[in-house]
Amino acid sequence: MNVSKKQFWGKFFLVFIPTILFALDRLTKWFALHFLQGKEVAVFPGLTFDFSWNRGISWGMLSKTTDVGFYVLTSIIAVVIFLFVLYIFSEFRKGTNVLFELIVFVGALSNIIDRILYKGVID
């Protein structure tokens, strides 16, 4: 199979960019976990970062569930991520540029890892 330079670099960036973003996401979460707990960091007036755990979904919705609710929610999220991966593969095989889908997947994967390791997402 003869792959052109353009095809090679296109596929390379489909792996490279999401991998770098995943590493950066994990690194920033590690930093937050080890250095920001109980602190607020003022970036500039009107923007302050602080550490929080999110056991729910976006904006903390469903975060007050029991442990069983958390595991059910995490299972549903894992299934949705799996279905999204199938969609990404399907679109990639059609020749569609899936870079942005991969970026969304990277964030979802990192969050599911948090759920498994810490029983909540580092926010």
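Structure above, values below:
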{"item": "Test set (1) surrounded by 11 or more Cβ atoms within 10 Å (Cβ to Cβ); (2) over 13 Å from the mean Cα position of the chain (by Cα); (3) within 22 Å of residue 123 (Cβ to Cβ) - residue 39 fails condition number", "result": "(1)"}
{"item": "Residue that is surrounded by 12 or more Cβ atoms within 10 Å (Cβ to Cβ), over 19 Å from residue 100 (Cα atoms), at pLDDT 85 or above and of a type outside the set (Gly, Ala, Ser), where the choices are 27, 33", "result": "33"}
{"item": "Selected residue (criterion: farthest from residue 56 (Cα to Cα)) from residues of the range 100-123 that are surrounded by fewer than 12 Cβ atoms within 10 Å (Cβ to Cβ) and not aromatic (Phe, Trp, Tyr)", "result": "117"}
{"item": "Candidates 16, 12, 49, filtered to the one that is aromatic (Phe, Trp, Tyr), over 30 Å from residue 93 (Cα atoms) and open to solvent by 50 Å² or more (accessible area, probe 1.4 Å)", "result": "49"}
{"item": "Residue ID - least open to solvent (accessible area, probe 1.4 Å), chosen from residues in the range 57-78 that are on the phi > 0 side of the Ramachandran plot and in a helix (DSSP H, G or I)", "result": "60"}
{"item": "Positions within the range 9-24 being modelled with pLDDT of 85 or more and small (Gly, Ala, Ser), in sequence order", "result": "23"}
{"item": "Every residue from the range 81-96 that is of a type outside the set (Phe, Trp, Tyr) and either in contact (Cβ under 8 Å) with a residue 12 or more places away in the chain or crowded, with 16+ Cβ neighbours inside 10 Å (or both)", "result": "81, 85, 88"}
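The values are calculated or read from the model by the stated rules, or taken from the named source; none is laboratory data. Please read all numbers here as calculations on a predicted model, not as lab measurements. We place every Cβ from the backbone using ideal geometry, glycine too, and count neighbours over all the protein chains shown. Note: accessible area is taken over every heavy atom of the protein model, side chains too, but ligands, DNA and RNA are not part of it. Shrake-Rupley method; radii C 1.70, N 1.55, O 1.52, S 1.80 Å.
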